[in-house]
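This report concerns only the one structure given below.
Derivation of every value follows stated rules applied to the coordinates shown; laboratory data play no part. As the structure is a computational prediction, the values presented were derived from the model and not from experiment. Glycine gets a Cβ as well: all are built from the backbone with ideal geometry, and neighbour counts include every protein chain shown.
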Amino acid sequence: MLKSLTEQEIKSFLESNSLYSPAVFSPKTQLTKIDTPQLDLLCTKCKIFRPFNSDSPKPVKYPPITPLLSPGHRHPELEFGLTYCSFTCVTCNECQYKFMINVTKNEATLKIEKVGQYPKFKLQRNKYIEKFSGKDIDYYEKAIACEANGYGIAAFAYFRRILESNIETLLEMINDEATATGQPSTVVDALNELKKDSPMSSKIEIANNALPPHLLINGINPLGKLYKVLSEGVHKTPDEQCLELAHQIKDCLQYLLAELSDRKTNRVSYAARLGKL
Ligand SMILES: [Zn+2]
């Protein structure tokens, strides 16, 4: 049975994918339109993220999806074409994002790819990763530039380097949190074990026990995920897969650093307030 692309999948594609970085779906996916009621984008006039409403209830096709070959030679499985959609900021009603999207479909995949966009997205820096990168801040700048352009192998290499160089800092931050929240000795022992030289395969196992349970996300351990990504050999890994690994490092780091840092700040300010009582 054909599965339709969901509005959330289209929203995520339009908000996140860079030019020529395709979103790939099963060929059994049905695509009747590339449109979604609303996107959340950085408004160039309001200077903050705002909702953007779709300008057209139905996307304007330009030109309509047309066969690759002349009608007499058209392969029945092939569909492709360019389609256009635009979105306007609900607050200022001025800033408008326009997207030109190419759709290709064959027996193996359905691909949607941005082939034009105006204005381009500004690179978003995460304040926690910026601080964490320390002397590797240049690598972070390069990592997000490569990620925005869909250069997966390069983005992964830069993110991985930042993580490898600063993993001790991350472990220290987790140790602080574990100590302050009275975690059992198994958590602290696992953290100490991670600092020792041991094969990466055993470190993944250890990392899965080295995070206080309240920092898991829906049962998933972001520290274990980071060690798993570090263990991946990428010599033959395709560009798209490396891009996915780069996203994983970024997402796990953003989550862990924000949680650890904000919890510490709250602890310090709470202790200071208590001291005044
Ligand atoms: Zn606006």
Rounded if a/c is under 1.5, else prolate if a/b is larger than b/c, else oblate: which is region 214-277, with a ≥ b ≥ c the root eigenvalues of its Cα gyration tensor? prolate
Cα gyration tensor category, rounded, prolate or oblate, for the chain with a/c compared to 1.5: prolate
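Counting only C-alpha contacts under 8 Å and six or more residues apart, can you give the relative contact order of region 91-244 as a whole percent? Show your work: numbers first, answer last.
Numbers: 143 pairs, mean separation 27.9, N = 154.
Normalised by residue count, the contact order of region 91-244 is 18 percent.
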Filter K142/K203; K127/K250; K135/K203; K195/K228; K105/K236 down to the pairs with a C-alpha to C-alpha distance above 20 Å, please. K142/K203; K135/K203; K105/K236
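Can you check what the net charge comes to around R50, using other residues whose Cβ is under 13 Å from the Cβ of R50 (Lys, Arg +1; Asp, Glu -1)?
On the way: positive: K45, K47; negative: E15, D40, E94.
Neighbourhood net charge equals -1.
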Kindly state, to the nearest 0.05, the FRET efficiency for S269 paired with E164, given R0 = 41 Å and r defined as their beta-carbon distance. 0.80
So for K203, K111, fewest C-beta neighbours within 10 Å to most, what's the order? K111, K203
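Grab the other residues whose beta carbon is less than 9 angstrom from that of L260, score K and R as +1, D and E as -1, and report the net. Don't skip to the answer; put the middle values down first.
Values: positive: R263, K264; negative: D176, E177, E259, D262.
Computed value for this residue: -2.
Sort V234, V115 so that the residue with the fewest other Cβ atoms within 10 Å of its own Cβ comes first and the one with the most comes last.
Working: V234 16, V115 12.
By the 10 Å Cβ count, ascending: V115, V234.
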For the chain: relative contact order, % (alpha-carbon pairs under 8 angstrom, 6 or more apart): 14 percent
May I ask you to evaluate 6.51 cos²θ - 1.76 cosθ + 1.60, the Karplus curve with θ = phi - 60°, for each residue of region 183-189 and list the ³J(HN,Hα) values in order in whole Hz, giving x for glycine and proline? 6, x, 4, 4, 5, 5, 4
Comparing R50, R160, R267, which has the greatest mean-square fluctuation in the GNM of the chain with Cα pairs linked when under 10 Å apart? R267
Ranked from fewest to most other Cβ atoms within 10 Å of their own Cβ, F156, F99, F121 fall in the order F121, F99, F156
Pseudo-spin-label distance K127 to M200, built 7 Å along Cα→Cβ, given in nm, is 3.3 nm
Set of region 110-128 residues, backbone N closer than 14 Å to the point 7 Å along the Cα-Cβ line of K98: 115-120
Net charge contributed by nearby residues that have their C-beta within less than 10 Å of S21 (K/R +1, D/E -1): -3
What residues qualify as long-range amide H neighbours of Q117, i.e. H under 5 Å apart, gap of 5 or more or another chain, H built at 1.01 Å from N? M100
Quick calc of log₁₀ I(q)/I(0), region 127-276, Debye, one scatterer on every Cα, no solvent, q values 0.13 1/Å, result -0.61
Using a 7 Å offset from the Cα along the Cα-to-Cβ direction at both H214 and S261, what is the distance between the two label points in nm, to one decimal? 2.0 nm
